[in-house]
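Comments concern the structure below.
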């Protein structure tokens, strides 16, 4: 009886040992398989490019194996509640995020099936550009001869006098092709208290310069 008990015990121990060994092998094989699968779809060269309007961004990356991925994103790393997904399996991934806010930092991670890639626990991020504003140009009105009155420093010399009226009328005459005509009533250009022919001569001389 003692010999039979020993044989039976040895058989049971052998069976248990075989089961344990097979279990370890199976677990290791599963780990290798899962690691290989994860590595094949792992994102490489992840890059986000903000649109010029500040309201969109395009995320691109590649993977060794074709897959269908999606991006989960949001304005805080702890709240990635928005999502956009691919429709076809590919190894060259390109997803565009829309309806974004200008000048805002967004955080995102990439999900392939149950696998989540979040840059080692720190979600990827990018900042959208500021919203483009088209400047409105206000045309500068050209004064007429009648508007060339005193009180405006047209020649920018820091003094308001009759030379400003001449400068204004001269610019108007240049625009309208009437250089000579503006000297018919030039004003008191020589500042002698009288408007006369000497003022006209001074005006004509100034136009020749």
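The values are calculated or read from the model by the stated rules, or taken from the named source; none is laboratory data. Just so we're clear, the structure is a prediction, and the values are computed from it rather than from any experiment. So basically every Cβ, Gly included, is an ideal-geometry build from the backbone, and we count neighbours across all protein chains shown.
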Might you let me know whether segment 129-150 holds any residue that is at pLDDT 70 or above, closer than 30 Å to residue 52 by Cα, touching a strand residue (DSSP E or B) at 6+ places or on another chain (Cβ under 6 Å) and in a strand (DSSP E or B)? no
From (1) without any contact (Cβ under 8 Å) to a residue 40 or more places away in the chain; (2) surrounded by fewer than 14 Cβ atoms within 10 Å (Cβ to Cβ), pick out the condition that doesn't hold for residue 95. (2)
Does residue 155 satisfy being surrounded by 11 or more Cβ atoms within 10 Å (Cβ to Cβ), assigned by TED's automatic domain parsing to the domain that holds residue 63 and either at pLDDT 65 or above or not in a loop (DSSP other than H, G, I, E, B) (or both)? no
Which condition number in (1) at pLDDT 95 or above; (2) under 16 Å from residue 119 (Cβ atoms) is the one that residue 38 fails? (1)
If I ask for residues that are touching a strand residue (DSSP E or B) at 6+ places or on another chain (Cβ under 8 Å) and without any contact (Cβ under 8 Å) to a residue 12 or more places away in the chain, which ones from segment 53-85 would you list? 81
Suppose we filter segment 85-108 for residues that are under 15 Å from residue 43 (Cβ atoms) and over 20 Å from the mean Cα position of the chain (by Cα); how many remain? 7
